[in-house]
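These notes concern the structure reproduced below.
The values are calculated or read from the model by the stated rules, or taken from the named source; none is laboratory data. Remember, predicted model here, so these are calculated numbers, not experimental data. Glycine also receives a Cβ, built like all others from the backbone with ideal geometry; neighbour counts cover every protein chain displayed.
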Amino acid sequence: MSKAKTIEKIEKAEFQDFFKEIPSIKLKEPLAEVLGAVKGEALFEYSFSDVVKFAGHACPTVAGAYLITLEGLKALYKKEIPVRGEIAVTIRGGREEAAYGPISQVISYITGAAPETGFKGMMFKYKRQNLLKFNPESGRKPYLVRFKDVNTGKQVEVEFSPEKIPALESDNKIIQLFEKVIWNGATPSEKEAFKDAWTGKVKRILIDRSGIENWLKTKEI
């Protein structure tokens with residue numbers, strides 16, 4: 001069988017059903033309009049499935065980063081639609097501390113805010129470079145992310161404390177089976193039990209949100 005035929009037989013990935021229940025994040029992207037990537041107005045909609053494809057997986061950290069962005073932009077813009085490239089982000093921790101690196105990548109993917117490696121813009125417009133910065137002197141826990149509207153100067157800060165998410169018995173399954181699953185030593189039933197527990201924790205963060213007032217806080221600065 002040729003390589004081409006093999007690729008043709010690959011089916012599109014089917015995500016967990018509960019992903020459809022997770023609110024999407026809508027943003028305007030003026031650069032796509034100017035350069036003709038879209039017909040008419042560029043209103044981009046990012047779903048959690050998009051972020052999973054970007055990250056290559058779903059986990060509590062990716063779920064937390066998505067929720068931080070969702071709630072941060074909601075608090076900053078209220079009923080208005082955010083504009084990519086007009087959002088500055090400060091990660092209040094070092095890029096190599098804890099999970100700040102992966103969290104920053106998810107936020108950058110959605111908002112367009114980029115570190116020093118980002119797009120430099122055209123004719124002083126549409127710049128993304130240095131809109132995402134790290135502040136390692138602020139400590140690493142809880143996770144703190146600040147969003148700023150560069151036009152108005154308005155800022156909000158989101159505090160994410162995953163250790164305060166109510167624990168369930170299924171969390172023990174993750175601990176017990178993690179090493180066996182990663183090193184291919186788990187039985188088929190153990191693999192399924194691990195997946196259920198793992199995705200269950202993601203669902204608790206993005207759908208159930210039990211006790212969210214204790215582990216996700218948003219405030220204006």
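Where the second residue is aromatic (Phe, Trp, Tyr) and assigned to a loop (DSSP other than H, G, I, E, B) and the first is farther than 16 Å from Ile205 by Cβ and lies in segment 19-37, which pairs have Cβ atoms under 8 Å and are six or more apart or on separate chains?
Partner pairs satisfying both residue conditions: Pro30/Tyr126; Leu31/Tyr126; Val34/Tyr126.
Any residue in segment 50-61 that's touching a residue at least 60 places away in the same chain (Cβ under 8 Å) and within 14 Å of Leu206 (Cβ to Cβ): show its pairings with residues that are charged (D, E, K, R) and buried (at least 17 other Cβ atoms within 10 Å of the Cβ) at Cβ separation under 7 Å, as long as the two are six or more apart or on different chains.
Filtered contacts from segment 50-61: Pro60/Lys201.
Yes/no matrix, rows are residues, columns are (1) in contact with a strand residue (DSSP E or B) (Cβ under 8 Å, 6 or more places away or on another chain); (2) at pLDDT 95 or above; (3) buried (at least 17 other Cβ atoms within 10 Å of the Cβ):
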residue	(1), (2), (3)
Glu157	yes, yes, yes
Ala167	no, no, no
Ile205	no, yes, yes
Glu213	no, yes, no
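Just to confirm my filter: which strands (runs of 3 or more DSSP E) fall fully inside segment 75-178 and include at least 3 residues that are more than 23 Å from Phe54 (Cα to Cα)?
155-160
Does segment 115-130 contain any residue that is crowded, with 18+ Cβ neighbours inside 10 Å, modelled with pLDDT of 95 or more and under 19 Å from the mean Cα position of the chain (by Cα)?
Scanning segment 115-130, I find no residue that is crowded, with 18+ Cβ neighbours inside 10 Å, modelled with pLDDT of 95 or more and under 19 Å from the mean Cα position of the chain (by Cα), so the answer is no.
Would a scan of segment 60-73 turn up a residue that is at pLDDT 95 or above, in a loop (DSSP other than H, G, I, E, B), over 19 Å from Gly112 (Cα atoms) and within 15 Å of the chain's Cα centre (by Cα)?
no
Which residue pairs have Cβ atoms under 9 Å apart, sit 6 or more places apart or on different chains, and have a first residue in segment 126-148 that is farther than 17 Å from Gly101 by Cβ and a second that is among the hydroxyl-bearing types (Ser, Thr, Tyr) and at pLDDT below 95?
Matching pairs, first to second residue: Gln129/Thr117.
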